[in-house]
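Report on the structure given below.
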Number of protein chains: 2
Amino acid sequence: MNPANIFAGIPDALPDELFDAIITGEQLRIERIVSRGQRAPATGWFEQAWGEWVLLLRGGARLEFENGGEVALGPGDHLFIDPGRRHRVAWTDPAQDTVWLAVHFEGGRLGENSE
Amino acid sequence: MNPANIFAGIPDALPDELFDAIITGEQLRIERIVSRGQRAPATGWFEQAWGEWVLLLRGGARLEFENGGEVALGPGDHLFIDPGRRHRVAWTDPAQDTVWLAVHFEGGRLGENSE
């Protein structure tokens, strides 16, 4: 039994963002996203029925929210995007691959953190 | 709105493994686990009703399965543990922190990978 590696299988040429499903269930989808300077078109917002938890694994990015907020993300940064909250990728680092982990799930609420 | 960082808030002293809930839902739990040389007692197996997807973010570890298989994990390695599959942490690197991401969810099946 060999594990897969989340940083493997990234093609040399990446004209578009790359989406790879890792786990797909009825109420859950875990995916890897690789960006190389891509950003959302200025006219487009993502609006999702499910909650999304995002962890940036490598690279750098900025997420923008329709209400005006913008969030810079570096390696290890994570946040939860509420269902229905309109957002888009405002920027990803053109000089390196940005690797995201996204966990999409039905509903969801922020957990207690014991820190 | 500020993101949290998955590598933040690790205490200097770590006598036991550290478990922090990041997301808790009815059918999903995302947690961070930090190990510093800890391993499971030789007599103990984990057996979980939910599926678990594990991603090793930093450090090194070995997972052991009751059927005899053992898996070495380095940064970026990930695997899915079926519901009910008995397993334990056989080893974690004593020289550095090992940071795991664990996504526990009801049911689940392996997704198609577009690679």
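Overview of results
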{"quantity": "Relative contact order (%) - segment B:37-108, alpha-carbon pairs under 8 angstrom, separation at least six", "calculated": "47"}
{"quantity": "Convex hull of chain A built on C-alpha atoms - directionally averaged projected area, nm²", "calculated": "8.9"}
{"quantity": "GluC sites (Glu not before Pro) restricted to DSSP loop in segment A:16-112 with at most 13 other C-beta within 10 Å", "calculated": "A:Glu26, A:Glu47, A:Glu66, A:Glu112"}
{"quantity": "DSSP loop trypsin sites (Lys or Arg not before Pro) with at most 14 other Cβ within 10 Å excluded, longest remaining stretch of chain B", "calculated": "B:1-85"}
{"quantity": "Summed buried accessible area for B+A [probe radius 1.4 Å, Å², rounded to 100]", "calculated": "3500"}
{"quantity": "Shortest-first distances to equivalent copies, position B:Trp50, nm, label 7 Å out along Cβ", "calculated": "1.5"}
{"quantity": "Portion, in percent, of the accessible area of chain A that falls on carbon or sulfur, probe 1.4 Å", "calculated": "48"}
{"quantity": "Selection of chymotrypsin sites (Phe, Trp or Tyr not before Pro), segment B:1-55, meeting DSSP coil and at most 15 other Cβ within 10 Å", "calculated": "B:Phe7, B:Trp45"}
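The values are calculated or read from the model by the stated rules, or taken from the named source; none is laboratory data. As the structure is a computational prediction, the values presented were derived from the model and not from experiment. FYI the Cβ positions are ideal-geometry reconstructions off the backbone, even for glycines, and counts take in every protein chain you see. To get the accessible areas, we keep the full protein, side chains included, count just its heavy atoms, and leave off ligands, DNA and RNA. Shrake-Rupley method; radii C 1.70, N 1.55, O 1.52, S 1.80 Å.
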